[in-house]
Structure formats: C-alpha cells, structure tokens
Amino acid sequence: MSTASATAAPRAGRPREFNLDAALDRAIVLFSERGYHAASISDLTEAMGVAAGSLYKAFKDKKAIFLASFDRYKQVRMELLEAEIAQGRTGRDKLHRTVAFYAQAAQGEMGRRGCLVIGTASELAINDPDAAERVCRSHARSEARLVELLREGQADGSIRTHIEPLVTAKTLLCLMHGMRVMGKTGLDPGQADKMVGAAMKLLD
C-alpha cells in the first residue's frame, strides 16, 4: 500500500483528511499490543487519531482495518529487511543479516509489542480464512526468500552445498519466529546475539 490520504466528511460537512499509512501504523501498534479481539473501534479511533465517521468511510468495519494494518505491517517490515539484506556481500552474510534483523526486532519495546503476523496466526488464523490466507502467504514469502539466499550462498561458496535449502529455510524461519515470541516477555541482547550465532551454525 503506497502512501495515501483518505478523505471523509464529518457531520459538520467540512471534509476531514488523514494520512492513511500513518493511521494504519498507529493501528498496527494497537493490534500488536492488544490483539484483534481486545481492540475496540473506540480504541482504534483514538489510537489512529481519526473520527469514527471518517474511519467508516475509509474502511467497511474493524476487520477491514485489521487486514489493511496487516498488509501495511508486512510491506514496511519487508522493505526494511530488504534494505538490510542489500548491504550483504554474500549469501551467508545476507542470511546472517536476516536472522539478526528478527533478533533485533525481538528486543526492547518492539519485542514486547510482538509480531503482528505471529499474533494473527495464534489468535485468528484457525477461524478466519482471510487472516489464515495472509499468514500462510507471509510464511511462504519469507521461506522463499530464505531459500533464495541459501542458494545464493551455495553459488558464491559462502554456504556449503550439502545444505538442503528448503529444510534449512523452514528451520531458520521457525527460529526467527521463535525469537519474536520470546521477545514478548523480554529477550536479553546478549542471548539474542548468541542465538543468531547458533542459527548460522546450521549452514556449516
């Protein structure tokens, strides 16, 4: 979703504009901290800084806000991750940066807030087909990216050729998501660094 503004007309008749991406960024924080069910429309209007009337002109209902927030979350996180990967010199270096990216996100305030993808998987995916589809798509894209980097590393000689890319990618993804879960209750930076190192030993 590109940067955009949504326009709504309050009861007084004067148009009211708000930046859609900025509002969704604030909704992401609320949904990540409280989950979908515990976040009410009044909570969302307050957090997003948007009047209820304007919000309903931009979104059909709370679920539509959530799905848009999920898509926005994935877009922003992937852009940040790709920028980090682009600094890597080899496939192994890029994989190290990827795992470290997740480890960093599992620390501090962001770590305690949690990952919206993981939260959605645990809270909604079992009963909501739309949420489940987004979670599955997110996992598939992340796994495919890891496979690409593993194969790149094997091609440039930084990762040994006996490594099975698909199985290793799935294992790394489980480890990275696990760090985000641990981050909900606090993840020590020193331990996180050691976990990254342990994950990279899978490539030896």
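The values are calculated or read from the model by the stated rules, or taken from the named source; none is laboratory data. Everything numeric here is computed off the predicted structure, so don't read it as measured data. Every residue, glycine as well, gets a Cβ built from its backbone with ideal geometry; the counts of neighbours run over all protein chains shown. Just so you know, the surface numbers come from the protein's heavy atoms only, side chains and all, with ligands and any DNA or RNA stripped out. Shrake-Rupley method; radii C 1.70, N 1.55, O 1.52, S 1.80 Å.
Sort the following peptides by mean Cβ neighbour count (other Cβ atoms within 10 Å, averaged over residues), highest first: 19-26, 140-147, 188-195. Numbers along the way, then the final one.
Values: 19-26: 18.2, 140-147: 16.2, 188-195: 14.2.
The peptides rank, most packed first, as 19-26, 140-147, 188-195.
Mean separation of Cα pairs under 8 Å and 6+ residues apart, divided by the residue count of the chain: what relative contact order is that in percent?
Working: 239 pairs, mean separation 44.2, N = 204.
Relative contact order here is 22 percent.
What figure in square angstrom, to the nearest 10, would you give for the accessible area of K184 with a 1.4 Å probe?
Roll a 1.4 Å probe over it and K184 shows about 90 Å².
Under a plain spin-label model, where a point goes 7 Å from the Cα along Cα-to-Cβ, how far apart in nm are A144 and D21?
Label at A144, label at D21, 2.3 nm between them.
Evaluate the charge dipole of segment 21-94 about its Cα centre and quote only its size in Debye, nearest 20, assuming +1 on the Cβ of each Lys and Arg and -1 on the Cβ of each Asp and Glu. Intermediate values should be presented prior to the final figure.
On the way: 12 positive and 11 negative charges, 43 e Å.
Dipole about the Cα centre, nearest 20: 200 debye.
With respect to the cross-link table entries K60/K94; K57/K184; K74/K94; K62/K184; K94/K184, which display a Cα-Cα separation exceeding 31 Å?
Numbers: K60/K94 40 Å; K57/K184 34 Å; K74/K94 19 Å; K62/K184 25 Å; K94/K184 26 Å.
Beyond 31 Å: K60/K94; K57/K184.
Give me the aspartates and glutamates in straight-line cross-link reach of K194: C-alpha distance below 17 Å, same-chain residues under 8 apart excluded.
D93, D204
Roughly speaking, to the nearest percent, how much of the chain's 1.4 Å accessible area is carbon and sulfur?
Values: 5720 of 10700 Å².
So the carbon and sulfur contribution to the accessible surface is 54 percent.
Do the sum for the chain: with -39,500 (n - 2.57) for every DSSP H run of n ≥ 4, divided by all residues, what is the mean residue ellipticity at 222 nm, to the nearest 500 deg cm²/dmol? Walk me through the numbers before you get to the answer.
Numbers: 10 runs with 142 residues, N = 204.
The per-residue figure over the chain is -22500 deg cm²/dmol.
At I41 and S122, where each label point lies 7 Å from the Cα along Cα→Cβ, what is the point-to-point distance in nanometres?
About 2.9 nm separates the two model spin labels.
Between A51 and T185, what FRET efficiency follows from the Cβ-Cβ distance if R0 is 35 Å, with the result rounded to 0.05?
On the way: r = 36 Å, r/R0 = 1.03.
The calculated FRET efficiency here is 0.45.
Of the listed peptides 130-137, 171-178, what is their order by residue-averaged count of other C-beta atoms within 10 Å, with the highest listed first? The partial results should precede the final answer.
Working: 130-137: 15.9, 171-178: 17.4.
Ranked from most to least packed, the peptides come out as 171-178, 130-137.
Measure of size requested: the Rg and Dmax of the chain, with Cα atoms as the atom set and Å as the unit; please supply both.
Computed over the Cα atoms of the chain, radius of gyration and Dmax are 19.2, 68 Å.
I need the peptides 36-48, 96-108 ranked by packing, meaning the mean over residues of other C-beta atoms within 10 angstrom, with the highest value on top. Write out the running numbers ahead of the final one.
Numbers: 36-48: 15.5, 96-108: 20.8.
The densest-packed peptide leads the list: 96-108, 36-48.
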